[in-house]
Amino acid sequence: MTKTTTSRVGGANWSMDEIPYDQIDSTLIQDKTELFNIICAASFIEITSDLYTHNLLEFYEGDAEIEDWLANYWEREEVQHGAALKRYVQVVWPDFDWDRAYRGFYEEYSRFAVMEGLAETRALEMVARCVVETGTSAFYRMLSDAAPEPVLKQIMANISEDEVRHYKHFYHFFLRYREYDRPSKFAVLRTLWTRGAGVKAEDAYVASKHVFMVANPGAPYTQADYDKFRASFRRIGQHSFPYVMACKMILKPLGLSASVGRVAQPALEYTTRFLFSR
Ligand SMILES: [Fe+2]
Ligand SMILES: [Fe+2]
């Protein structure tokens, strides 16, 4: 296949034009309802990244390097994640009305997303962003590993690489702001914990609800349906979640010495495994 680089956005090493959507083997995936729900919910959240970018741009106003990176790289790459997943859904599950479900999602989601609380300081907000990027990079790595269809595997691997790069940028900015804000280790740990514990729970709920309502016309969305959605994550995660990678990334902003990090990592890995196996 001839590679074109003209349609690449931000700093991504890939573009949607380079994804062989015409080579998808739908027979390998079209009956996998759990993956359909997860991919579709992820596409909704990613494609709506501009709502967060506004919040962050305001928070870091006056910092030209961060403003440029957020607006010209980060946001464009996140939106491309959503667009790549959307097109995949439309090829494999053409009967699903993605646009209609997304309209419902956006209407509900945009009401609370704009009010999302940011951390108290610029340094701590960068810690929070590191948590989110750790979560997303691990999530897509997990799905790339678990994907039964090669094109999906490729898309998930591409996105995961982007998320790791995002993490590295936010971590770099964290180090810069740490010099000014000088957050205590406790404040960093508290941010890691609060953002880590609630990683986008509302996002996942609203997204899965609107996927469900269009996929199952007339059926009410209940807590049991959401529990099923979450259980499907855990089931896939039990075999494919990259615990070691996620633990290393999440511990980095604490700046633990190598020896403490070596002690803390297995404990954190154990905890994460426990959460996934419940
Ligand atoms: Fe993303
Ligand atoms: Fe990201």
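The values are calculated or read from the model by the stated rules, or taken from the named source; none is laboratory data. Because the structure is predicted, anything quoted here is derived from the model rather than measured. Reconstructed Cβ throughout: ideal geometry from the backbone, glycine too, with neighbour counts over all protein chains shown.
Answer yes or no: is there a residue in region 260-267 that is touching a Cys at 6+ places or on another chain (Cβ under 6 Å), surrounded by 13 or more Cβ atoms within 10 Å (Cβ to Cβ) and either outside any helix (DSSP H, G or I) or modelled with pLDDT under 80 (or both). So far as region 260-267 goes, yes, one or more of its residues are touching a Cys at 6+ places or on another chain (Cβ under 6 Å), surrounded by 13 or more Cβ atoms within 10 Å (Cβ to Cβ) and either outside any helix (DSSP H, G or I) or modelled with pLDDT under 80 (or both). Residue 249: touching a Cys at 6+ places or on another chain (Cβ under 8 Å), modelled with pLDDT under 90, hydrophobic (A, V, I, L, M, F, W, C) and at negative phi, yes or no? Spelling it out, residue 249 is indeed touching a Cys at 6+ places or on another chain (Cβ under 8 Å), modelled with pLDDT under 90, hydrophobic (A, V, I, L, M, F, W, C) and at negative phi.
Checked against (1) surrounded by 19 or more Cβ atoms within 10 Å (Cβ to Cβ); (2) under 20 Å from residue 184 (Cα atoms); (3) of a type outside the set (Ser, Thr, Tyr), residue 101 passes all but a single condition, namely (2).
When the residues of region 134-168 are filtered to those that are of a type in the set (Lys, Arg) and more than 12 Å from ligand 1 (Cβ to nearest atom), the one that is farthest from residue 66 (Cα to Cα) is 153. Is it the case that region 69-76 has a residue that's more than 19 Å from residue 170 (Cα to Cα) and surrounded by fewer than 18 Cβ atoms within 10 Å (Cβ to Cβ)? Within region 69-76 (the criterion being more than 19 Å from residue 170 (Cα to Cα) and surrounded by fewer than 18 Cβ atoms within 10 Å (Cβ to Cβ)), the answer is no, since none of the residues qualifies. For residue 113, the requirement of being modelled with pLDDT under 95 and either surrounded by fewer than 16 Cβ atoms within 10 Å (Cβ to Cβ) or more than 22 Å from residue 66 (Cβ to Cβ) (or both) is not met. Of all the numbered requirements in (1) in contact (Cβ under 8 Å) with a residue 40 or more places away in the chain; (2) more than 11 Å from ligand 2 (Cβ to nearest atom); (3) buried (at least 21 other Cβ atoms within 10 Å of the Cβ), residue 134 misses one, and that requirement is (2). For first residues located in region 145-166 and closer than 24 Å to residue 53 by Cα, partners that are basic (Lys, Arg) and within 13 Å of ligand 1 (Cβ to nearest atom) and lie 6+ apart or on another chain with Cβ distances below 7 Å form the pairs 160/141. Per this entry, residue 26 is not counted among residues that are crowded, with 20+ Cβ neighbours inside 10 Å and either of a type in the set (S, T, N, Q) or more than 21 Å from the chain's Cα centre (by Cα) (or both). For beta carbons closer than 9 Å, sequence separation of 6+ or different chains, a first residue in region 173-188 that is free of Cβ contacts under 8 Å to residues at least 12 places away in the same chain and a second that is of a type in the set (Asp, Glu) and part of a helix (DSSP H, G or I), the qualifying pairs are 176/65.
Tell me, please, whether a residue that is within 14 Å of ligand 1 (Cβ to nearest atom) and either crowded, with 19+ Cβ neighbours inside 10 Å or more than 23 Å from residue 59 (Cβ to Cβ) (or both) can be found in region 175-183. Within region 175-183, not a single residue is within 14 Å of ligand 1 (Cβ to nearest atom) and either crowded, with 19+ Cβ neighbours inside 10 Å or more than 23 Å from residue 59 (Cβ to Cβ) (or both).
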